[in-house]
Amino acid sequence: MPREVNSTQSYADKLVKLVPTEIVGAYMVLSGMIGVSPASSSKPTDMSSALIIVVSIILLALTPLYLLRISRVKNVIQIVVTTLSFAIWVYTLGGPFVVAGIYYPIIASIVLVLWQMIVPMIVPPQEG
């Protein structure tokens, strides 16, 4: 399924294409291996704190590249929105925000739900 949003797609189809599922999946696997989680009762080590920050930054940088080169997305607004979607998912999952002490689960949940409801209405379809 091509990832480019177009004018013939339903709201649900657009929503699926605006979540970088491959990148979020990679983040979830790597963060699970690193062991930084908001549910964890132990404080992250210096090594795990550094690793989760590095992994998050690398995957954030890879998101637009993945969309451009692998998924062949040309819609710049879609690329920006999908990259922001990844950052919001990372916040929702904790990771570097837990390490920085700025993770608030209720805010994460509210932001994620509102973002996912609004973004399909923001991204204009790519014509032709």
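The values are calculated or read from the model by the stated rules, or taken from the named source; none is laboratory data. A quick note: this is a predicted structure, and the numbers were derived from the prediction, not measured. Don't worry about glycine lacking a Cβ; one is built from the backbone with ideal geometry, like all the others, and counts go over all protein chains shown.
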Checking Gly94, Gly35 in turn, the sole residue that is on the phi > 0 side of the Ramachandran plot, in contact (Cβ under 8 Å) with a residue 12 or more places away in the chain and in contact with a Phe, Trp or Tyr (Cβ under 6 Å, 6 or more places away or on another chain) turns out to be Gly94
Across (1) closer than 23 Å to Val123 by Cβ; (2) over 17 Å from the mean Cα position of the chain (by Cα); (3) of a type in the set (A, V, I, L, M, F, W, C), Met33 clears everything bar (1)
Checking Leu93, Leu84, Leu112, Leu67 in turn, the sole residue that is surrounded by 15 or more Cβ atoms within 10 Å (Cβ to Cβ), under 16 Å from Val55 (Cβ atoms) and hydrophobic (A, V, I, L, M, F, W, C) turns out to be Leu93
Checklist entry - Do we have Lys43 as farther than 22 Å from Val123 by Cα and of a type outside the set (S, T, N, Q) here? => result yes
The residue that is modelled with the highest pLDDT, considering only those in the stretch 96-109 that are loosely packed, with under 11 Cβ neighbours inside 10 Å and not in a helix (DSSP H, G or I), is Ile102
(Q) Condition (residue is over 16 Å from Lys14 (Cα atoms), at pLDDT below 90 and not in a helix (DSSP H, G or I)) applied to the stretch 47-62: is it met by at least one residue? (A) no
Restricting the stretch 70-81 to residues that are surrounded by fewer than 17 Cβ atoms within 10 Å (Cβ to Cβ) and either within 19 Å of Ala26 (Cβ to Cβ) or in contact (Cβ under 8 Å) with a residue 40 or more places away in the chain (or both), the one nearest to the chain's Cα centre (by Cα) turns out to be Ile77
Residue check for Ala12: in a helix (DSSP H, G or I), modelled with pLDDT of 90 or more and either basic (Lys, Arg) or under 21 Å from Trp115 (Cα atoms) (or both):
no
